[in-house]
Amino acid sequence: MTTPVLLFLVALLLDRSAGQIIDIGGVWEIRCPQGCTCEIQKFSYLPLHQWTDTYRDKDQDPSFDDHDGFNDANDDDHPMAHELLKIATCVIVEDPKELLDRLPSDIQILTLLESGNGEVDIPLRATTFQRFTDLISLDIQGIDYSDPSVKEANNQTRREKGGIRLSPDTMFPLGLTLLYLNLERVKLTSLDMPNKNKANLVIKPVNAYKSETVEDDRVPASNASQPKGHRLIFLSQQNSGESEDKEILPYDLYKQELEGYRDNVELFAALGALTHLRVYDCALTDLSWHMFDGLNSLLYLSLERNSLKFIPEFCFYGTPNLRSLSLAGNELLTLKSVDLAGLLVLEHLDLRQNNLTFLSELSFPPFPALLTADFTDNPLDSVFPSTFEIMNTTVKLYLGGEASRLKLQKDSLLGLRQAEILHLYNLEIPVLERYILHGMPALTHLRMRGNVTSIDFDAFVDLTNLLDLDLSRCHVRRISMDAFYGLERVRRIDLSDNDLESVPPGLFTVQQQRELREILLTRNKLTSLPLDFFRNLRSPSKQTQVQNLRLDGNPWDCTCTMTNWNPHLVNRNKETAPRCSTPKRLQNWGVFYALRKGGLQCGNLKKRYLRKSLKTRNYEEDNNIS
């Protein structure tokens, strides 16, 4: 009897609510129109985190904590982390206005997914969203033509003919509330500017000044007061003669003068509250500083996969609080210091997968807060001296790609005084010498890949805080016995997958590498080890601190000198046990199996050693022949 009464009361409330949404159980979800799904979810569970998860380091060592704290959206400390939000997801195949008019007006998260054959033009205008005064997140996704399920010969023609299209005024009604905007594979109308004349910019420092009156009522009130910092002053374009005096205009008057110029680039102009903006694969081939001007609240900007070939001067000066910028997957050919000027609080810069061939001291403006910079998968072949001196707060740096050999010069990395993680890919360094890596006293993790044929003495002597040294897959053939001198704190050295035929005596010693715990020599061309190799890994108290020594994948020549090998140090389970290559009669035998079973016939020498070293272990379980 209780359930029918409750349903009757709910129906009565819905009838009298005159379109208002009443949250009783699943009632709000039930009122969703056909073609959409509506639900209530916690903010921390929302799919928007898939693209607002702003920076994940590629190949990041799990032992290195992401301490910059930028991924606030997934943090319990986020002010909205535990809020319940009203979410709607709609599939659209034509003009969605009629469908969206039937949605509850108080939705807070809206996702629009294009469906159909892609030939229908789907315009989105200001009137499309003007009802949604509580909207904080908008996600618009066009058809993904890279999906195998939609691949056809005429997909490119369909994409040019139809699809979701945003008018310049589409976002104006959302300016006061919208925090997250994701655009994927949509058309941004009329972004080809009719007037290509550059603005004349004068940058003046500002301490504190009264906010100017902005007559444009589309700019949110929250943007009326400007923060301390720098201010752009614009010179009128009416006086085009170089010798003539130029009239200095306030910003609001300059906007009116360039009315024709700005008509087509105001798509984001009203979004003063916006914190996260992603424009992905939207054929955005041309940028203008007007596009982002006034986005004072913007923290995260991603313009990935848009075929951008260059960045206009001062393009992002209107986003003074930007903390993360991604231009990955474009076609950028070069960088100039004025291109990224004004990003004084930027923490993460992602320039992966572009066409950058060199970096120099003229490539970057000051980045006083930069923590991470990623230049991987560019055809970089040159990094000129002092390139990164202006990026002296950078903690993580990634360089190099498969398309070109990366050549480092003396002082190429100078200035990275706070760098802790450095990854260098596809290096071309015949001899790694000290001057290549000096100037990075805080470095803790170094990874190198490519062709580093020889490692000279004292190559790492300036890296006194290094904890993890990864030189695997570097084609190393020769290494000096003093190469690791100075690495007193190093815990892991990886020399696997190289071309080493021998290990010099004294290369690894606890007197130098006092914290060493792991040595990887897997898959080289080693046939033997120095006689004092294992003795050097013992401290004066005769304790061994190395916990993992990998020797597998080498063509070991099994002789009686191997009685000096310490089985307690070597990783020797069935998959990783070092095995004999010669002599032929012992081929593929485990080294310690051959010692223990008498395959080497080392007589009393072998017996004395085995009695002392192997008496407490059952090696038949740990190291069998198969």
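Here's the yes/no breakdown for (1) surrounded by fewer than 17 Cβ atoms within 10 Å (Cβ to Cβ); (2) farther than 27 Å from residue 424 by Cβ; (3) touching a Gly at 6+ places or on another chain (Cβ under 8 Å):
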| site | (1), (2), (3) |
| --- | --- |
| 470 | no, no, no |
| 483 | no, no, no |
| 493 | no, no, no |
| 500 | no, no, no |
| 510 | no, yes, no |
| 520 | no, no, no |
| 539 | yes, yes, no |
| 548 | yes, no, no |
| 552 | no, no, no |
Next on the checklist: I'd like to check something: does segment 355-367 contain any residue that is open to solvent by 10 Å² or more (accessible area, probe 1.4 Å), in a strand (DSSP E or B) and under 26 Å from residue 409 (Cα atoms)?
Outcome noted: yes
Checklist outcome for this item: With criteria (1) open to solvent by 30 Å² or more (accessible area, probe 1.4 Å); (2) over 13 Å from residue 38 (Cα atoms); (3) over 31 Å from the mean Cα position of the chain (by Cα), residue 102 comes up short on (2)
Checklist entry - Going through segment 407-432 one residue at a time, which ones are open to solvent by 20 Å² or more (accessible area, probe 1.4 Å) and either over 18 Å from residue 386 (Cβ atoms) or β-branched (Val, Ile, Thr) (or both)? => result 420, 425, 426, 428, 430, 431
Checklist outcome for this item: Taking segment 375-401 and the residues there that are open to solvent by 30 Å² or more (accessible area, probe 1.4 Å) and of a type in the set (A, V, I, L, M, F, W, C), the one that is nearest to residue 428 (Cα to Cα) would be 384
Item to check | Some residue of segment 441-453 being open to solvent by less than 10 Å² (accessible area, probe 1.4 Å) and more than 22 Å from the chain's Cα centre (by Cα) | outcome: yes
Item to check | Residues located in segment 302-313, provided they are open to solvent by less than 30 Å² (accessible area, probe 1.4 Å) and either in a loop (DSSP other than H, G, I, E, B) or under 15 Å from residue 366 (Cα atoms) (or both) | outcome: 303, 306, 308, 311, 312
Item to check | Selection status of residue 458, acidic (Asp, Glu) and in a strand (DSSP E or B) | outcome: no
Item to check | Residue satisfying condition, being without any contact (Cβ under 8 Å) to a residue 40 or more places away in the chain and part of a strand (DSSP E or B), within set 100, 113 | outcome: 113
Checklist outcome for this item: The condition from (1) over 30 Å from residue 294 (Cα atoms); (2) buried (at least 17 other Cβ atoms within 10 Å of the Cβ) that residue 372 misses is numbered (1)
Next on the checklist: What's the total number of residues in segment 398-438 that are among the aliphatic types (A, V, I, L, M) and over 15 Å from residue 466 (Cβ atoms)?
Outcome noted: 8
Item to check | Selection count where residues are under 19 Å from residue 286 (Cα atoms), in a loop (DSSP other than H, G, I, E, B) and aliphatic (A, V, I, L, M), scope segment 322-353 | outcome: 9
Item to check | Tally, over segment 400-432, of residues that are farther than 14 Å from residue 445 by Cβ and in a strand (DSSP E or B) | outcome: 14
Checklist entry - Pairs, please: C-beta under 8 Å, at least 6 apart or cross-chain, first residue on the phi < 0 side of the Ramachandran plot and in segment 447-463, second of a type in the set (Gly, Ala, Ser) and in a strand (DSSP E or B)? => result 449/400
Item to check | residue 519, sole failed condition from (1) of a type outside the set (Gly, Ala, Ser); (2) more than 24 Å from residue 556 (Cα to Cα); (3) touching a residue at least 12 places away in the same chain (Cβ under 8 Å) | outcome: (2)
Item to check | Criterion (touching a helix residue (DSSP H, G or I) at 6+ places or on another chain (Cβ under 8 Å), surrounded by fewer than 19 Cβ atoms within 10 Å (Cβ to Cβ) and under 13 Å from residue 166 (Cα atoms)) met by exactly one of 121, 144 | outcome: 121
Next on the checklist: Looking for something at pLDDT below 80 and surrounded by 19 or more Cβ atoms within 10 Å (Cβ to Cβ) - is there at least one such residue anywhere in segment 578-598?
Outcome noted: no
Checklist entry - Which pairs do you get when a residue that is charged (D, E, K, R), found in segment 528-539, comes within reach of a residue that is not in a loop (DSSP other than H, G, I, E, B), reach meaning Cβ atoms under 8 angstrom, with the pair 6+ apart or on two chains? => result 535/564; 538/544
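The values are calculated or read from the model by the stated rules, or taken from the named source; none is laboratory data. Please read all numbers here as calculations on a predicted model, not as lab measurements. Here the Cβ is made from the backbone with ideal geometry for all residues, glycine too, and neighbour counts use every protein chain on show. Remember, those area values only see protein heavy atoms, side chains included, never the ligands or the DNA or RNA. Shrake-Rupley method; radii C 1.70, N 1.55, O 1.52, S 1.80 Å.
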